[in-house]
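The structure appears right after this line, and notes come after that.
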Amino acid sequence: MTNTNEFLKNHQEQLSLYTMAITRAHGAHHPEVFEVKKHYEQLAATLAENDSADLRPIFEELRQITKNYEVPADVCPTFAAVYQLLAQADYLQQN
């Protein structure tokens, strides 16, 4: 089973692209996506500095910002994919 760090590294390119895209497409109606992008970038930077860093505080904030990764009804599949990928990474770090 892959761990959180491996999962995030394997999906880094996709998440970087997708978090940028959803800020452009949905930022006006879902301003929380700017915080999601910022926290994802913090995750990536933290892992780049230290593979064994404690990511729990960042994921705790992401859960609050996203209402436990609840996908709004009026968003595109890319938005949903970001929340689903982050939720998977969060799940991995909890188990």
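The values are calculated or read from the model by the stated rules, or taken from the named source; none is laboratory data. Since the model is a prediction, treat every value here as computed from it, not as a measurement. Note that each Cβ is placed from the backbone with ideal geometry, even for glycine, and that neighbours are counted across all protein chains shown. Just so you know, the surface numbers come from the protein's heavy atoms only, side chains and all, with ligands and any DNA or RNA stripped out. Shrake-Rupley method; radii C 1.70, N 1.55, O 1.52, S 1.80 Å.
Please verify whether P31 is open to solvent by 60 Å² or more (accessible area, probe 1.4 Å) and either out of contact with any Phe, Trp or Tyr (no Cβ under 6 Å at 6 or more places or on another chain) or of a type in the set (S, T, N, Q) (or both), treating the condition exactly as stated. Yes, satisfied. Residues that are in contact with a Gly (Cβ under 8 Å, 6 or more places away or on another chain) number at least 1 in the following helices (runs of 4 or more DSSP H) confined to region 23-95: 32-49. Residues considered: L17, L85. Of these, the only one that is open to solvent by less than 70 Å² (accessible area, probe 1.4 Å) and among the aliphatic types (A, V, I, L, M) is L85.
Annotation: D54 fulfils all but one of (1) surrounded by 15 or more Cβ atoms within 10 Å (Cβ to Cβ); (2) closer than 14 Å to Q93 by Cβ; (3) not aliphatic (A, V, I, L, M); the unmet one is (1).
A count restricted to region 69-82 and to residues that are surrounded by fewer than 11 Cβ atoms within 10 Å (Cβ to Cβ) and free of Cβ contacts under 8 Å to residues at least 12 places away in the same chain stands at 2.
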